[in-house]
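What follows is a single structure, written as structure tokens, with notes after it.
The values are calculated or read from the model by the stated rules, or taken from the named source; none is laboratory data. From a predicted model like this one, the values you see are computed outputs, not experimental measurements. Ideal geometry is used to build each Cβ from the backbone, glycine not excepted, and the neighbour counts take in all protein chains shown.
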Amino acid sequence: MSPTLTADATAAFDMAYPSIFARIAARVCARHLDRLVRVRAERDADAHARAMNRLRADAADGENLMPAIVAAVEAYATIGEMCNLLRRQYGEYREPLAV
């Protein structure tokens, strides 16, 4: 059995070191968003559009999506962009309520 932190222990730790983790999280978030903006600005917009259209068409036709996903990644599509496209096509799974 692996040790786990209780909610009280986690809260106590967070209260003891709030500024360290808040600063790190803010820096990491800012760096990630800067990188995302740069990738979107520098990628080939036509290649990205073609790859996303291929992914959309393959999803609609019930084709194997892996080649289209690889093409989208190579065109610098983000995971969020691909997931949103697939969510629009297939919807989002909701686990049935079991009583």
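When the stretch 43-55 is examined, which residues are found to be within 27 Å of His32 (Cα to Cα) and either assigned to a loop (DSSP other than H, G, I, E, B) or not hydrophobic (A, V, I, L, M, F, W, C) (or both)?
Once the filter is applied, which keeps residues that are within 27 Å of His32 (Cα to Cα) and either assigned to a loop (DSSP other than H, G, I, E, B) or not hydrophobic (A, V, I, L, M, F, W, C) (or both), the stretch 43-55 yields Arg43, Asp44, Asp46, His48, Arg50, Asn53.
Rundown of residues vs (1) assigned by TED's automatic domain parsing to the domain that holds Leu36; (2) touching a residue at least 12 places away in the same chain (Cβ under 8 Å); (3) in a helix (DSSP H, G or I), yes/no style:
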| position | (1), (2), (3) |
| --- | --- |
| Ala60 | no, yes, yes |
| Pro67 | no, no, yes |
| Ala71 | no, yes, yes |
| Tyr76 | no, yes, no |
| Glu81 | no, yes, yes |
| Arg88 | no, no, yes |
| Glu92 | no, no, no |
| Pro96 | no, no, no |
| Val99 | no, no, no |
